[in-house]
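The values are calculated or read from the model by the stated rules, or taken from the named source; none is laboratory data. Please read these numbers as outputs of a predicted model, since none were measured by experiment. Positions of Cβ are backbone-derived with ideal geometry, glycine not excepted, and every protein chain shown enters the neighbour counts. Side chains are part of the model used for accessible areas, which takes the heavy atoms of the whole protein and leaves out ligands, DNA and RNA. Shrake-Rupley method; radii C 1.70, N 1.55, O 1.52, S 1.80 Å.
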Amino acid sequence: MSSKQLINYDLFIEAFSSPPPILTAAIESLAVSNETESRGAIYTRVEIVDFILDLVGYTKDKPLYQKRLLEPSVGGGEFLLQSVKRLLESWQVTGNRRSIVDELGNAIRAVELHRETFHKSRNKVLEQLMQYGINQSSATLLVDRWLVQGDFLLEQFDSCFDFVVGNPPYVRQELIPAPLLAEYRRRFHTLYDRADLYIPFIEHSLLTLNEGGNLGFICADRWMKNRYGGPLRKLVAERFHLKFYVDMVDTPAFLDDVDAYPAITVISREKPGSTRVAYRPSVDREALSLLAKELRDTQPKNNESMVRVLNRIPHKAEPWLLESSKQTTLIRRLETDFPTLEETGCKVGIGVATGADKAFIGNYDELDVELGRKLPLVTTNDIQSGEVQWRGKGVINPFEDEGGLVKLCDYPRLANYLNTRRDVIAKRHCALKSPKNWYRTIDRITPSIAFKPKLLIPDIKGEAHVVFEEGKFYPHHNLYYVTSETWDLRALQAVLLSSITRLFITTYSTKMRGGYFRFQAQYLRRIRLPHWKTIPQELKIELTKAAIQRDFLACDSAAFKLYALSIDEIALLEGNGE
């Protein structure tokens with residue numbers, strides 16, 4: 001390994017010779033935990049494992065005994081067992097000139113934090129080695145060289161790797177002990193905002209690669225488009241090559257069902273270049289083997305190829321646009337020609353999160369507080385029909401109209417209501433963090449929002465569901481809302497119900513199992529829109545009429561005129577283009 005590689009690695013990673021006691025205790029709590037969720041334990045089908053090993057080039061026809069492979073999260077051992085099988089088959093053709101421990105001892109490093117899982121996987125590998133005719137003594141020496149029981153994110157390795165493969169753990173930050181999370185944040189600059197644990201796993205793994213080395217992971221694709229993935233996307237764009245991307249939506253890639261939208265990425269430590277892309281392959285060993293060959297084959301194929309070649313996917317910290325080239329071209333054209341939604345005078349917000357809905361939310365008429373201390377609440381259940389049909393819910397408002405929290409001594413009925421529910425309310429994270437303000441909702445309530453006309457948009461939907469609300473209700477936390485001082489909201493509703501909005505959401509949003517998309521603020525703000533004053537009066541009327549009648553074809557027709565789409569662009573949005 002070159003001195004340059006060592007310097008680059010040390011810029012990002014420091015390691016303890018011995019972790020301090022507070023970290024040791026945190027690590028131990030995870031090592032013995034029986035909570036599957038806190039370990040992110042989702043295991044990969046063997047067909048997918050072999051596919052990823054093929055993609056990164058870890059194949060038995062190569063001298064794998066001269067290479068080094070890292071598996072950063074062993075889990076049930078799916079990647080490790082298949083890697084060992086290929087390594088042994090590669091080594092056996094050499095004639096076994098030296099001790100197998102000397103020959104293969106440095107070929108693999110595999111890390112697993114959970115102690116029980118580690119020992120189960122260790123026993124599987126030991127049994128596998130002995131089935132290949134390796135005596136127990138040598139097999140034990142090998143597994144003890146290969147396997148490490150510990151926290152991968154705190155591990156430092158004596159040299160870099162030619163291959164990194166696996167399925168990094170998918171763990172939310174709130175499930176990580178606070179001292180350990182603080183240490184991760186100190187070490188990994190990509191652990192940004194609400195990033196899940198797989199983000200620093202990818203960073204640490206990338207920075208262990210030798211020049212020309214390949215990383216092949218299957219994991220949630222959220223980081224490729226959302227806010228918290230920005231720093232990691234920037235790292236990839238600056239220092240690595242996104243070689244392959246395989247969309248695994250609605251495929252049985254894992255042994256269990258997952259809600260996240262998984263993807264396979266192969267990233268190499270080499271000069272950036274084009275990305276070869278495939279979508280939704282059949283999880284069949286023969287089909288995946290053929291696809292791996294096609295992805296790795298740089299020769300151009302005919303129009304029937306499953307593989308597409310896209311250019312300049314990683315660009316600074318920008319979201320990765322991995323859809324068809326024609327879709328990307330249309331998005332880029334609209335982004336060049338039109339301002340963003342908020343640049344035209346529209347605002348995007350999200351409804352109130354309380355942290356204890358059973359305490360703060362109830363039937364409006366039965367909330368026994370002063371009249372000014374409650375607001376009628378609109379929820380997703382109220383707008384399922386496409387119009388607001390209020391079911392009578394209300395939310396407690398502990399905030400002054402344009403200021404901080406109210407004083408409970410000024411509102412005796414509110415004080416009584418909250419104090420009878422204090423045990424529930426005071427246990428929330430925001431209350432523990434600021435005990436004096438124990439009765440606040442997580443999000444500040446601004447009552448004036450209730451009385452503004454707005455468009456309501458549920459977070460997770462298969463299609464855009466945009467409902468006009470005339471200004472009577474406060475939105476619940478699973479509803480996004482759009483207000484505007486410039487655009488007529490009914491006309492804007494037509495645009496948001498059109499295929500134009502679907503194009504932006506499907507391009508920038510992560511997709512959930514079952515074909516659902518996230519209509520979050522960060523994606524809604526990506527939508528481009530003409531300035532209201534530039535639109536001809538006839539088209540304004542056409543947009544408004546289409547929305548009021550909830551005529552989706554008419555919404556599309558008016559929106560196509562609004563954006564001056566070409567015949568080919570319209571065909572693309574209608575599903576007749578590429």
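Ile500 - would you say it is in contact (Cβ under 8 Å) with a residue 40 or more places away in the chain, under 30 Å from Ile313 (Cα atoms), among the β-branched types (Val, Ile, Thr) and in contact with a helix residue (DSSP H, G or I) (Cβ under 8 Å, 6 or more places away or on another chain)? Walk me through it before giving the result.
Values: in contact (Cβ under 8 Å) with a residue 40 or more places away in the chain: yes; under 30 Å from Ile313 (Cα atoms): yes; among the β-branched types (Val, Ile, Thr): yes; in contact with a helix residue (DSSP H, G or I) (Cβ under 8 Å, 6 or more places away or on another chain): yes.
In short, yes.
Quick check on Ala139: is it in contact (Cβ under 8 Å) with a residue 24 or more places away in the chain, crowded, with 18+ Cβ neighbours inside 10 Å and outside any loop (DSSP other than H, G, I, E, B)? It would help to see each step written out before you state the result.
Working: in contact (Cβ under 8 Å) with a residue 24 or more places away in the chain: no; crowded, with 18+ Cβ neighbours inside 10 Å: yes; outside any loop (DSSP other than H, G, I, E, B): yes.
No; evaluated as a whole, the condition is false for this residue.
Condition first: loosely packed, with under 15 Cβ neighbours inside 10 Å, basic (Lys, Arg) and either more than 29 Å from the chain's Cα centre (by Cα) or at pLDDT 95 or above (or both). Now tell me which residues in segment 420-441 satisfy that.
The answer is Arg422, Lys436.
Take residues that are at pLDDT below 95 and open to solvent by less than 30 Å² (accessible area, probe 1.4 Å) and tell me which of the helices (runs of 4 or more DSSP H) falling wholly in segment 499-572 contain 1 or more.
On the way: elements: 499-508, 521-524, 537-548, 552-562.
The helices (runs of 4 or more DSSP H) meeting that bar are 499-508, 521-524.
Specify the residue that is farthest from Arg391 (Cα to Cα); the eligible residues are those in segment 466-486 that are open to solvent by 10 Å² or more (accessible area, probe 1.4 Å) and either at pLDDT below 95 or of a type in the set (A, V, I, L, M, F, W, C) (or both).
Glu485
Of all residues in segment 402-419, which are within 39 Å of the chain's Cα centre (by Cα) and open to solvent by 90 Å² or more (accessible area, probe 1.4 Å)?
Glu402
What do you reckon, is Arg444 at pLDDT below 95, over 30 Å from Asp250 (Cβ atoms) and not hydrophobic (A, V, I, L, M, F, W, C)?
Numbers: at pLDDT below 95: yes; over 30 Å from Asp250 (Cβ atoms): yes; not hydrophobic (A, V, I, L, M, F, W, C): yes.
Taking the combined requirement at face value, the residue satisfies it.
Here is a check on your reading of the model: is Leu206 modelled with pLDDT of 95 or more and of a type in the set (A, V, I, L, M, F, W, C)? Let's see the steps before the verdict.
Details: modelled with pLDDT of 95 or more: yes; of a type in the set (A, V, I, L, M, F, W, C): yes.
In short, yes.
Examine segment 388-411 for a residue that is of a type in the set (A, V, I, L, M), in contact with a Pro (Cβ under 7 Å, 6 or more places away or on another chain) and touching a residue at least 24 places away in the same chain (Cβ under 8 Å), and state whether such a residue exists. If you could, list the steps in order and put the result at the bottom.
Applying the first criterion (of a type in the set (A, V, I, L, M)) to segment 388-411 yields 388, 395-396, 405-406, 408.
Now narrow it down to the ones that are in contact with a Pro (Cβ under 7 Å, 6 or more places away or on another chain): 405-406.
Still in the list and also touching a residue at least 24 places away in the same chain (Cβ under 8 Å): 405-406.
Within segment 388-411 (the criterion being of a type in the set (A, V, I, L, M), in contact with a Pro (Cβ under 7 Å, 6 or more places away or on another chain) and touching a residue at least 24 places away in the same chain (Cβ under 8 Å)), the answer is yes, since at least one residue qualifies.
Looking only at segment 148-168, decide whether some residue is acidic (Asp, Glu), touching a strand residue (DSSP E or B) at 6+ places or on another chain (Cβ under 6 Å), assigned to a strand (DSSP E or B) and open to solvent by 30 Å² or more (accessible area, probe 1.4 Å).
For segment 148-168, residues acidic (Asp, Glu), touching a strand residue (DSSP E or B) at 6+ places or on another chain (Cβ under 6 Å), assigned to a strand (DSSP E or B) and open to solvent by 30 Å² or more (accessible area, probe 1.4 Å): present.
Exactly one condition in (1) within 25 Å of the chain's Cα centre (by Cα); (2) open to solvent by 20 Å² or more (accessible area, probe 1.4 Å) is false for Leu330; which is it?
Answer for Leu330: the failing condition is (2).
Looking only at residues in segment 317-366 that are charged (D, E, K, R) and in contact with a helix residue (DSSP H, G or I) (Cβ under 6 Å, 6 or more places away or on another chain), which one is nearest to Tyr481 (Cα to Cα)? Explain how you work it out, then say what you get.
Residues of segment 317-366 charged (D, E, K, R): 318, 323, 326, 332-333, 335, 337, 342-343, 347, 357-358, 365-366.
Add one more test, that the residue is in contact with a helix residue (DSSP H, G or I) (Cβ under 6 Å, 6 or more places away or on another chain), and what stays is 323, 326.
Details: Glu323: 27, Lys326: 30 Å.
It comes out as Glu323.
Table: residues versus (1) assigned to a loop (DSSP other than H, G, I, E, B); (2) buried (at least 17 other Cβ atoms within 10 Å of the Cβ); (3) without any contact (Cβ under 8 Å) to a residue 24 or more places away in the chain; (4) among the polar types (S, T, N, Q).
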| position | (1), (2), (3), (4) |
| --- | --- |
| Leu55 | no, yes, no, no |
| Phe79 | no, yes, no, no |
| Ser83 | no, yes, no, yes |
| Arg98 | yes, no, yes, no |
| Ala110 | no, yes, no, no |
| Phe118 | no, yes, no, no |
| Gln128 | no, yes, no, yes |
| Asp144 | no, no, yes, no |
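Hey, could you check segment 445-465 for residues that are in contact with a Leu (Cβ under 7 Å, 6 or more places away or on another chain) and assigned to a helix (DSSP H, G or I) and say which is surrounded by the fewest Cβ atoms within 10 Å (Cβ to Cβ)?
So, considering only residues that are in contact with a Leu (Cβ under 7 Å, 6 or more places away or on another chain) and assigned to a helix (DSSP H, G or I), the one surrounded by the fewest Cβ atoms within 10 Å (Cβ to Cβ) is Pro447.
Which residues, taken from segment 56-84, are small (Gly, Ala, Ser) and over 26 Å from the mean Cα position of the chain (by Cα)?
Gly57, Ser83
Being in contact (Cβ under 8 Å) with a residue 24 or more places away in the chain and open to solvent by less than 10 Å² (accessible area, probe 1.4 Å) is the requirement here; does Val369 meet it?
Details: in contact (Cβ under 8 Å) with a residue 24 or more places away in the chain: yes; open to solvent by less than 10 Å² (accessible area, probe 1.4 Å): yes.
Taking the combined requirement at face value, the residue satisfies it.
What pairs come up if the first residue lies in segment 269-287 and is more than 17 Å from Thr44 (Cα to Cα) and among the polar types (S, T, N, Q), the second is open to solvent by 70 Å² or more (accessible area, probe 1.4 Å) and outside any helix (DSSP H, G or I), and their beta carbons are under 7 Å apart, counting only those six or more places apart or on different chains?
Listed by first residue and then by second, the contacts come to Ser274/Val309; Ser274/Asn311.
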